[in-house]
Structure formats: structure tokens, C-alpha cells
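*Asks:* Dropping a structure here in C-alpha cells format, bear with me for questions.
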Amino acid sequence: MNVILIMSAFWVIYGIAGILGFQIIRSEYRGHDWTKAYVRLLGVSWLMLGVPWLLFNRIAVHTAANIGTGLLCIILLALAMPSIVFTFFIDKKYRNILKNE
């Protein structure tokens with residue numbers, strides 16, 4: 001469970017950095033008028049990934065839940081799906097914008 005805590009804390013910090021505009025992005029996405037919006041949306045996607053995992057970890061540790069590895073993987077994947085889908089659509093949108101420039 002400590003690995004989940006460390007990963008989720010990193011994702012939350014990286015998401016906050018993204019919302020503030022400090023995030024590492026690929027070079028072809030830099031220097032456009034939409035770059036700030038892109039970085040902020042990526043920050044939101046990192047928060048969408050980190051916050052549910054962080055809450056799940058705190059709840060599981062607090063309740064001393066005895067969760068098997070298989071169930072743990074399914075729960076974590078389910079919690080990650082909104083972030084994965086959101087990131088997919090954001091990346092697709094900005095890749096099309098980049099292609100049309």
C-alpha cells in the first residue's frame with residue numbers, strides 16, 4: 001500500500017504543478033497559443049488519477065481492509081479509467097490542432 005501512497009502523492013503534486021503551468025511536455029507542443037490550456041488540462045488529468053488513488057489508499061489503510069491483489073488491481077484500474085479516457089481525448093484534440101497548424 002505504500003507504493004500506492006507514494007505514486008498517488010507524486011501524481012497529485014505533478015497535477016498541481018500542471019495546473020500552475022509547470023509541467024514537462026513534448027517539444028512540438030511548446031510555444032503555441034494553446035500550450036497553457038494543454039498543460040493545465042494535463043494537470044487536471046494527473047489529479048484525476050492521483051486523488052482517487054490517494055483517497056482509496058487512505059480509506060483502505062484506515063479501515064485495515066484485507067484486499068487481495070486481484071481485487072486491488074481491479075479497483076485501481078477502475079479508479080484510473082476516468083483519467084485515462086480524459087487524457088486520451090485531450091491528447092487527440094491537441095494532436096489534431098497541432099496537425100492542422
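*Asks:* Taking Cα pairs under 8 Å and at least six residues apart, what relative contact order does the chain come out at, in percent?
*Replies:* 33
*Asks:* Given +1 on the Cβ of Lys and Arg, -1 on the Cβ of Asp and Glu, and no further charges, what dipole in debye does the chain carry about its Cα centre, rounded to the nearest 20?
*Replies:* Using only the charged Cβ atoms, the result is roughly 140 debye.
*Asks:* Right, here's the next one. Determine the distance separating the Cα centre of region 49-101 from the Cα centre of region 14-42; give it in Å without decimals.
*Replies:* Between the Cα centre of region 49-101 and that of region 14-42, the gap is 20 Å.
*Asks:* Can you tell me the FRET efficiency between Thr63 and Ala37 if r is taken as the Cβ-Cβ distance and R0 is 35 Å, rounded to the nearest 0.05?
*Replies:* Taking R0 as 35 Å, the efficiency between Thr63 and Ala37 is 0.35.
*Asks:* Report the longest stretch of the chain that contains none of the trypsin sites (Lys or Arg not before Pro) sitting in a DSSP loop with at most 12 other Cβ atoms within 10 Å.
*Replies:* Maximal segment without exposed cleavage sites: 31-101.
*Asks:* Can I ask one more? Label points 7 Å out from Cα along the Cβ direction at Leu55 and Cys73: separation in nm?
*Replies:* Once both label points are built, they end up 2.5 nm from each other.
*Asks:* Which of the chymotrypsin sites (Phe, Trp or Tyr not before Pro) across region 24-101 are loop residues per DSSP, with 14 or fewer other Cβ within 10 Å?
*Replies:* Loop-located and lightly packed - Trp34.
*Asks:* Only one of the values (i) 31, 14, 8; (ii) 44, 17, 12; (iii) 43, 17, 8 was calculated from this structure for semi-axes √(5λ) of the Cα gyration tensor in Å; name its label.
*Replies:* Correct label, based on the coordinates given: (i).
*Asks:* Could you give the angle, 0 to 90 degrees to the nearest 10, between helix 69-100's Cα long axis and the longest principal axis of the Cα atoms of the chain?
*Replies:* So the inclination is approximately 0 degrees.
*Asks:* Quote the FRET efficiency, to the nearest 0.05, computed for Arg26 versus Ile6 with a Förster distance R0 of 35 Å and r equal to the Cβ-Cβ distance.
*Replies:* E(calc), rounded to 0.05, equals 0.85.
Each reported figure results from applying straightforward, stated rules to the coordinates on display, with no laboratory input. The structure displayed is predicted, hence computed values, not measured ones. Positions of Cβ are backbone-derived with ideal geometry, glycine not excepted, and every protein chain shown enters the neighbour counts.
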